Amino acid sequence: MAVNQQGSGVDMHRMLTELWPLHRTINSDDTECALQMCCDYLNDDRFIIHRFRPNTDVYTWWIPERYHVNEAWLEIDGQRIADFSENPLHLLSYSLPQEIEGRLGDIREHIWSSTKRPNAIPWEFKYYDRSWGFCVRHNDLKLFDDNSKVRGLINVAFTDEDFCLGDFYLPGETDEDILFLTNICHPSQVNDSLSGLVVGLEMAKELSKRKRRRYGFRLLIVPETIGTIAWFSKNEELAKRVRYAWFCEMVGHDNSFILQSSRQGDTLIDRAFQTVLPTLRNHGKERKGEFRQVVGNDEMVTNGPGFDIPTPSLTRWPYDEYHTSDDNPSIINPDNLKESLNVFMNVWNELERNYYAKRTFKGPVMLSRYGLWVDWRVDFELNLKAEKMMTMLEGDKSVIDIAYELELTAETVRIYLDRFYDAGLITKSFYSLS
């Protein structure tokens, strides 16, 4: 049956609220602190914090330095309109040191504001192609002209302290793993990406309670892109075990789900999501987009050159508060976090229960004889498709495949075929993800 996680939405919301104010840039003291908080939340010594030395190569990328902000502020005509101590978003992430004095017109290219959300602070960053700058509320900025006097300071340091990422692994009974990817590195943002992070943590908690798991489960909590690249660069043998991955973020607000497919587009993991999502439609029918056409993230690493592990992504994109100070706990509904968790748990459950069904009968089954006739007044759709299902039991299609092709939920098909099995009308061959 479908999973119903009672109370976990409140726990997840509390966790993301605690993580929210931290300066979680790609390598900072607060990012390491946030990873330790994740470890404490799981309370499980299988959570590992991996460390990498800055300025070392990982494939074609390099590990960024630890970023320390001692002080950063900007005044225009004596009015302070940006101050890192008030909100980390005020400083362009990874800004270089700078002393500012002159006219506003001279530094316009170093100031970001949002005309769409004029009372919000936008979030901008320059991790690799570095510059300096401030992010301010547009309604504050428009009070001044190019001749206004500016004065400011960016007092920062780049050090060689370790770059960190989180890794939690639960072994399964097979040598096949499923990877849950999520980010930790967006300062003072909640929906992007803490909503996905807390769903991943809660799923890890739930699966750790199980005595048996067919597949291994790995949760990677990483600074965006570079974290996944760093882990894969040092764990290629473990990566060979990963058959499928998925990415999760932006799932806390009130919008329908949108599933971004894997690069392959029609793998078992894509089908599994599409047969589960119709059971969870609190905000309307789910939507679907092609690989990298909805919103891009770490799936380009796992499903990209050299690995090409099918990696769909689940979000509720778009939302108006994206990359601004308005992305805060007030826009997150705990029930939406719980619903998102239920999607992933149900996908996991259907993958674990998935099997090939091979008929032992010839000719159409006399359904009423075996108690398999479906009353059309009770379930019209299954009644209509039961006959076609009988033609798909040649041992070359799994439960999820049949559900996908018949546009039924995996749970509906599995429960019905289990009745065929109990009646001796099919045999089961359990599914390898390979």
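A few notes on this one:
- Residues considered: Glu99, Glu109. Of these, the only one that is in a strand (DSSP E or B), surrounded by fewer than 13 Cβ atoms within 10 Å (Cβ to Cβ) and over 24 Å from the mean Cα position of the chain (by Cα) is Glu99.
- When residues of the range 328-350 are limited to those that are over 17 Å from Glu411 (Cβ atoms) and of a type in the set (A, V, I, L, M), the one surrounded by the fewest Cβ atoms within 10 Å (Cβ to Cβ): Ile331
One line per residue, one yes/no per condition, for (1) aromatic (Phe, Trp, Tyr); (2) farther than 30 Å from Val343 by Cβ; (3) outside any loop (DSSP other than H, G, I, E, B); (4) open to solvent by less than 30 Å² (accessible area, probe 1.4 Å):
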position: Ala120; (1), (2), (3), (4): no, no, no, yes
position: Tyr128; (1), (2), (3), (4): yes, yes, no, no
position: Asp140; (1), (2), (3), (4): no, yes, yes, no
position: Asn147; (1), (2), (3), (4): no, yes, no, no
position: Asp167; (1), (2), (3), (4): no, no, yes, yes
position: Leu179; (1), (2), (3), (4): no, no, yes, yes
position: Thr182; (1), (2), (3), (4): no, no, yes, yes
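- Scanning the range 30-52 for residues that are assigned to a loop (DSSP other than H, G, I, E, B) and without any contact (Cβ under 8 Å) to a residue 24 or more places away in the chain gives Asn43, Asp45.
- Pick from the range 189-228, criterion open to solvent by 10 Å² or more (accessible area, probe 1.4 Å) and among the polar types (S, T, N, Q), ranking: farthest from Leu351 (Cα to Cα): Thr225
- Residues of the range 351-362 satisfying the condition of being farther than 19 Å from Asp422 by Cβ and open to solvent by less than 50 Å² (accessible area, probe 1.4 Å): Leu351, Glu352
- Subset tally (residues that are surrounded by 21 or more Cβ atoms within 10 Å (Cβ to Cβ) and under 20 Å from Leu367 (Cβ atoms)) for the range 392-407: 4
- Residue in the range 289-301 that is surrounded by fewer than 18 Cβ atoms within 10 Å (Cβ to Cβ), in contact (Cβ under 8 Å) with a residue 60 or more places away in the chain and within 15 Å of the chain's Cα centre (by Cα) present: yes
Let's see how each residue does on (1) out of contact with any helix residue (DSSP H, G or I) (no Cβ under 6 Å at 6 or more places or on another chain); (2) among the β-branched types (Val, Ile, Thr):
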site	(1), (2)
Val347	no, yes
Glu350	no, no
Ala357	no, no
Asp422	yes, no
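- Qualifying position, being outside any helix (DSSP H, G or I), in contact (Cβ under 8 Å) with a residue 12 or more places away in the chain and farther than 25 Å from Ser188 by Cβ, among Asn55, Asn27: Asn55
- Condition met for Ser432 (in contact (Cβ under 8 Å) with a residue 24 or more places away in the chain and either within 30 Å of Lys285 (Cα to Cα) or surrounded by fewer than 22 Cβ atoms within 10 Å (Cβ to Cβ) (or both)): yes
Listed here are the residues, each with its yes/no results for (1) among the small types (Gly, Ala, Ser); (2) at pLDDT below 95; (3) within 30 Å of Ser193 (Cβ to Cβ).
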site	(1), (2), (3)
Ser340	yes, no, yes
Trp348	no, no, yes
Phe361	no, no, no
Trp376	no, yes, no
Asp379	no, yes, no
Gly395	yes, no, no
Leu408	no, no, no
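- In this structure, Ser325 does satisfy being more than 27 Å from Leu268 (Cα to Cα), surrounded by 18 or more Cβ atoms within 10 Å (Cβ to Cβ) and among the small types (Gly, Ala, Ser).
The values are calculated or read from the model by the stated rules, or taken from the named source; none is laboratory data. Please read all numbers here as calculations on a predicted model, not as lab measurements. Cβ: placed from backbone, ideal geometry, glycine included. Neighbour counts: every protein chain shown. Accessible surface is based on the protein model in full, side chains and every heavy atom, while ligands, DNA and RNA are left aside. Shrake-Rupley method; radii C 1.70, N 1.55, O 1.52, S 1.80 Å.
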